[in-house]
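Below you'll find the structure, written out as structure tokens, and then a few comments.
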Amino acid sequence: MKKIGVLTSGGDAPGMNAVIRAVTRAGISKGMDVVGIRRGYNGLINGDIVELNVRSVSDIIQRGGTMLYTARCAEFRYEEGLQKAKQTCIENGIEGIVVIGGDGSFRGAADLSARGILCVGVPGTIDNDISMTEYTIGYDTAMNTAMEMVDKLRDTAQSHDRCSVVEVMGRNAGYIALNTGIACGATYIITKEEPYTMNDVINKIIAGQKTGKHHFIIVVAEGIGNSEQIAKEIEQATGVESRATILGHVQRGGSPTVRDRVEASQLGYYAVELLSNGIGNRVVGLQNNKVVDYDIQEALKMTKSFDHKLYEIANEISF
Ligand code: ADP
């Protein structure tokens, strides 16, 4: 393979830049030309392509966001869009592409691979909701950001004897909620993966009050939503003044943690290695701390388990 491209697609995540750097440098070191495709699959449809050299990816390993921009691209879901993208690749001599994104982006990567442009996916999403891998780039940074924010909320909740209901990201997965909750000593963690009733939450708070607890942290996964209502019900039932905070997109930004930079570097490298061996339609990830790769279709069919034991532990030690 003489020339490869790299793009970021779907929601952004800290560490995407570190993948772009790894892909660019690994590609060049293996004798290939590397180009960046901007704004996800839109860049392939519009021909928005930039040459990348070893220096164009200097000084980005530590930056959040993505220097290639990211976007969603409805046109890419249709044959016409895919053919336009394929044509852009042919015109620019792009034989393979590293796609950094989530499941949706991988579906697009499979579609393009089936049309002769080999793609390899690198999991980049703060939600950690990709089944074939234990870890997705951006997850650790997002959890650390959420943890810092909850710690700050806790200071003020403690000063005022309040209950702080904090909604963290994770539309389809409660992993950020579970880990942030346990790391911040939340009284209750509410996620879709674990059945709960408002009575359970309220009873836990009342039990805490009986042992002298004056302030409370309730972590809610985005997929549950309803944080304002949850806060209202807690206040009505317990008499503890309760405030809801939705952390939102702050969790998507910031300088990536060590873990995100290391995984970004190694997964980016392995993705290029596959392409340089003429292998596409794969997605790379981590299992038992080892790099693995799967056929994209196979990867999309896999399911991921939730750590129910960790949830139980969090529940048992927070009262
Ligand atoms: P993520 O990659 O984070 O899951 P999305 O689900 O929004 O984000 O997908 C990102 C982009 O991937 C979409 O805007 C579209 O361009 C492409 N995509 C998603 N699903 C498909 C599909 N079924 N076929 C082709 N392309 C898709």
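The values are calculated or read from the model by the stated rules, or taken from the named source; none is laboratory data. If you're wondering where the values come from, they're calculated on a predicted model, not measured in any experiment. Cβ atoms come from the backbone with ideal geometry, glycine included; neighbour counts cover every protein chain shown.
When G15, G47, G27 are checked against the criterion of being over 18 Å from the mean Cα position of the chain (by Cα), in the same structural domain as G124 (by TED's automatic domain parsing) and either hydroxyl-bearing (S, T, Y) or crowded, with 24+ Cβ neighbours inside 10 Å (or both), G27 stands alone in meeting it. Within this structure, L247 passes the test of being in the same structural domain as A146 (by TED's automatic domain parsing), closer than 26 Å to Q62 by Cα and of a type in the set (A, V, I, L, M, F, W, C). The residues of segment 208-239 that are over 16 Å from T197 (Cα atoms) and part of a loop (DSSP other than H, G, I, E, B), listed by number, are T211, G212, K213, H214, H215, E222, G239.
Table: residues versus (1) closer than 21 Å to D127 by Cβ; (2) at pLDDT below 95; (3) β-branched (V, I, T).
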{"position": "Y270", "(1), (2), (3)": "no, no, no"}
{"position": "N277", "(1), (2), (3)": "no, no, no"}
{"position": "N281", "(1), (2), (3)": "no, no, no"}
{"position": "S305", "(1), (2), (3)": "yes, yes, no"}
{"position": "H308", "(1), (2), (3)": "yes, no, no"}
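Check off (1) away from the ligand (no atom under 13 Å from the Cβ); (2) among the hydroxyl-bearing types (S, T, Y); (3) crowded, with 21+ Cβ neighbours inside 10 Å for Y135 and give me the number that stays unchecked. Y135 satisfies all of (1) away from the ligand (no atom under 13 Å from the Cβ); (2) among the hydroxyl-bearing types (S, T, Y); (3) crowded, with 21+ Cβ neighbours inside 10 Å except (3). Against the definition (in a helix (DSSP H, G or I), in contact (Cβ under 8 Å) with a residue 40 or more places away in the chain and within 14 Å of the chain's Cα centre (by Cα)), how does N144 come out, yes or no? Considered against the rule, which asks whether it is in a helix (DSSP H, G or I), in contact (Cβ under 8 Å) with a residue 40 or more places away in the chain and within 14 Å of the chain's Cα centre (by Cα), N144 comes out as yes.
Residue count for segment 265-295 under the criterion of being small (G, A, S) and either in contact with a Cys (Cβ under 6 Å, 6 or more places away or on another chain) or part of a loop (DSSP other than H, G, I, E, B) (or both): the result is 2. Report yes if some residue within segment 6-21 is part of a strand (DSSP E or B) and more than 24 Å from Y135 (Cα to Cα); otherwise report no. The answer is no, given that none of the residues of segment 6-21 is part of a strand (DSSP E or B) and more than 24 Å from Y135 (Cα to Cα).
For segment 182-207, the set of residues classified as within 20 Å of V240 (Cα to Cα), touching a residue at least 12 places away in the same chain (Cβ under 8 Å) and part of a helix (DSSP H, G or I) consists of M198, D200, V201, I202, K204, I205, I206, A207, listed by residue number. When segment 52-96 is filtered for residues that are aliphatic (A, V, I, L, M), within 13 Å of the ligand (Cβ to nearest atom) and assigned to a loop (DSSP other than H, G, I, E, B), only A71 remains. Does V120 count as among the β-branched types (V, I, T), in the same structural domain as G239 (by TED's automatic domain parsing) and either part of a loop (DSSP other than H, G, I, E, B) or under 25 Å from the mean Cα position of the chain (by Cα) (or both)? Judged against the criteria, V120 is not a match. Within the option set T197, T187, being surrounded by fewer than 19 Cβ atoms within 10 Å (Cβ to Cβ), more than 14 Å from the ligand (Cβ to nearest atom) and of a type in the set (S, T, Y) holds for one residue only, T197. Restricting segment 242-261 to residues that are out of contact with any Phe, Trp or Tyr (no Cβ under 9 Å at 6 or more places or on another chain) and either of a type in the set (G, A, S) or surrounded by fewer than 15 Cβ atoms within 10 Å (Cβ to Cβ) (or both), which is farthest from T125 (Cα to Cα)? For segment 242-261, the residue satisfying everything is A244. The numbered conditions (1) of a type in the set (V, I, T); (2) within 16 Å of the ligand (Cβ to nearest atom); (3) over 19 Å from G253 (Cα atoms) are all true for V35 except (2).
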